[in-house]
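A.B. asks: Take this structure, written in structure tokens, and hold onto it; I'll ask about it next.
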There are 2 protein chains.
Amino acid sequence: MGKRKITSTNTINRDYLKNECGTMYALTLLSGRWKMTILHKLSKKGLRFTELKECIPNISDRMLSLHLKEMERDGLVERNVFAEVPPRVEYTLTSSTRDLVSIWDRLDIWGNNHREIQESNVQYLDGDL
Amino acid sequence: MGKRKITSTNTINRDYLKNECGTMYALTLLSGRWKMTILHKLSKKGLRFTELKECIPNISDRMLSLHLKEMERDGLVERNVFAEVPPRVEYTLTSSTRDLVSIWDRLDIWGNNHREIQESNVQYLDGDL
DNA sequence: TTAGTAACTCACAATTTTGTTAGAAATGGG
DNA sequence: CCCATTTCTAACAAAATTGTGAGTTACTAA
């Protein structure tokens, strides 16, 4: 997000990992506080800036703008400008990203499962103390 | 990593998103520079601290240690201590995490595909300038 | 007692990400 | 020209993550 110092160890490591495999590349593009949520909202239908803001509580103008710009650069979303007044900009998923969203089903199931396991472990540990 | 200020907007937003759905929960557990790589290495066989260090170039002792500790807390890896001299600690995936790893296949394919699309777009834009 | 090894831990610094607030650009109607 | 509206942007501040280098612990073999 914003500017990166391209000579830093941090950036060097990041780029190295990004090139390791498809999974790491994908996760690099998706990392960012609100990106998944934005994709999720857009998966139902295209939305304009203000609509996204309204359906994602707590996101700031700046973060929404930054994320959308990065996601456009990364081929995750499309930005469609309509010559209207006041201006209207609609964001939609790219076709590649629509494929991605369909993968989330399994991850969603895994996540919910794992959360249950984790929560039951905590209970168990609590009982043990 | 390390300490979080639990009253910060940042942490509040993070926790809110973590509870949104299984996918976001999963991605929260997996976020961290080297976590995916560590899981990937461990998916083949259990490894000790030093072995992980050797097969992940550039990772520092500190980051490896921090990540492993978090991943153990989050139920992603198990820490097995052997009473030998010098001490031997082996890290393995939990059974839940082994299921996760099998999901990566599709994400890997998606990532590699998407990278190709992106790279060909860049070429096209370059030619245009 | 000393040395050697694995597995860490600590203090601190650098970098990156996220959040806050104010305000700018664009545009047509009045 | 001024207004209202949407879509951002700029400057700054706060917080979080990552990296560095030295040091610690535990244990036993020599």
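A.B. asks: How about A:Lys41: which lysines have a C-alpha closer than 19 Å to its C-alpha, ignoring those fewer than 8 places off in the same chain?
C.D. replies: Candidates past the 8-residue exclusion: A:Lys53, A:Lys69, B:Lys18.
A.B. asks: How large is log10 of I(q)/I(0) for chain B at q = 0.18, 0.19 Å⁻¹ when the intensity is taken from the Debye formula with one equal scatterer per alpha-carbon?
C.D. replies: With no solvent term, the Cα-only Debye profile gives -1.08, -1.13.
A.B. asks: Step by step: find N for the protein assembly as shown, compute 2.2 N^0.38 Å, then divide the Cα radius of gyration by it. What's the final number?
C.D. replies: Working: Rg = 20.1 Å, N = 258, 2.2 N^0.38 = 18.1 Å.
Its radius of gyration relative to the 2.2 N^0.38 Å reference: 1.11.
A.B. asks: Can you list the aspartates and glutamates whose alpha carbon is less than 15 Å from that of B:Lys3, not counting same-chain residues fewer than 8 positions off?
C.D. replies: B:Asp15, B:Glu70
A.B. asks: Heavy-atom accessible area per residue, chain B, 1.4 Å probe: how many Å²?
C.D. replies: It amounts to 59 Å² per residue over chain B.
A.B. asks: For B:Val85, A:Val122, A:Val101, what's the largest-to-smallest order of accessible area, 1.4 Å probe?
C.D. replies: Of B:Val85, A:Val122, A:Val101, the descending order of accessible area is B:Val85, A:Val122, A:Val101.
A.B. asks: Give, ordered by residue number, each residue of the stretch B:105-122 whose 1.4 Å probe accessible area is reduced by a minimum of 20 Å² on adding the remaining protein chains to the chain alone.
C.D. replies: Flagged in the stretch B:105-122: B:Arg106, B:Leu107, B:Asp108, B:Trp110, B:Gly111, B:His114, B:Arg115, B:Gln118.
A.B. asks: Mind checking the mean number of beta-carbon atoms from other chains within 10 Å of the Cβ atoms in B:10-20?
C.D. replies: Rounded to a whole number, the mean comes out at 2.
A.B. asks: Between chains B and A, what is the buried accessible area in Å², counting both sides, with a 1.4 Å probe and ligands, DNA and RNA left out, to the nearest 100?
C.D. replies: Using a 1.4 Å probe on protein heavy atoms, the buried area is about 4000 Å².
A.B. asks: Under the rule of -39500 (n - 2.57) per DSSP H run of 4 or more residues, summed and divided by the residues of chain A, what mean residue ellipticity at 222 nm is obtained, to the nearest 500 deg cm²/dmol?
C.D. replies: -20500 deg cm²/dmol
A.B. asks: Still on this structure: Would you kindly work out, in nm and rounded to one decimal, the distances from the label point of A:Asp15 to those of the same position in each other copy, ordered shortest first, with label points 7 Å along Cα-to-Cβ?
C.D. replies: Relative to the other copies, A:Asp15 has label-point distances of 3.8 nm.
A.B. asks: Given q = 0.15, 0.18, 0.28 Å⁻¹, what are the Debye log10 I(q)/I(0) values for the stretch A:21-70, with equal point scatterers placed on the Cα positions and solvent ignored?
C.D. replies: So the normalised log intensities are -0.40, -0.56, -1.12.
A.B. asks: If you roll a 1.4 Å probe over the protein assembly as shown with all protein chains in place, what percent of the accessible area is carbon or sulfur? Display every interim value, and only then the final one.
C.D. replies: Details: 7770 of 15330 Å².
Answer for the protein assembly as shown: carbon and sulfur cover 51 percent of the accessible area.
A.B. asks: Comparing B:Gly46, B:Gly22, B:Gly75, which has the greatest mean-square fluctuation in the GNM of chain B with Cα pairs linked when under 10 Å apart?
C.D. replies: Comparing B:Gly46, B:Gly22, B:Gly75 in the GNM, the peak value goes to B:Gly22.
A.B. asks: Less than 11 Å Cβ to Cβ from B:Glu54, Lys/Arg counted +1 and Asp/Glu -1: what total charge do the surrounding residues give?
C.D. replies: Net charge in that neighbourhood comes out at +2.
A.B. asks: For an R0 of 30 angstrom, estimate the FRET efficiency from the Cβ-Cβ distance between A:Arg79 and A:Ile6 and round to the nearest 0.05. Could the numbers behind the result be given before it?
C.D. replies: Working: r = 26 Å, r/R0 = 0.87.
For A:Arg79 and A:Ile6, the calculated efficiency is 0.70.
The values are calculated or read from the model by the stated rules, or taken from the named source; none is laboratory data. Just so it is clear, the structure is predicted and the values come from calculations on it, not from any experiment. Backbone-built Cβ (ideal geometry, glycine too); neighbour counts: all protein chains shown. Heavy atoms of the whole protein, side chains included, go into the accessibility calculation; ligands, DNA and RNA do not. Shrake-Rupley method; radii C 1.70, N 1.55, O 1.52, S 1.80 Å.
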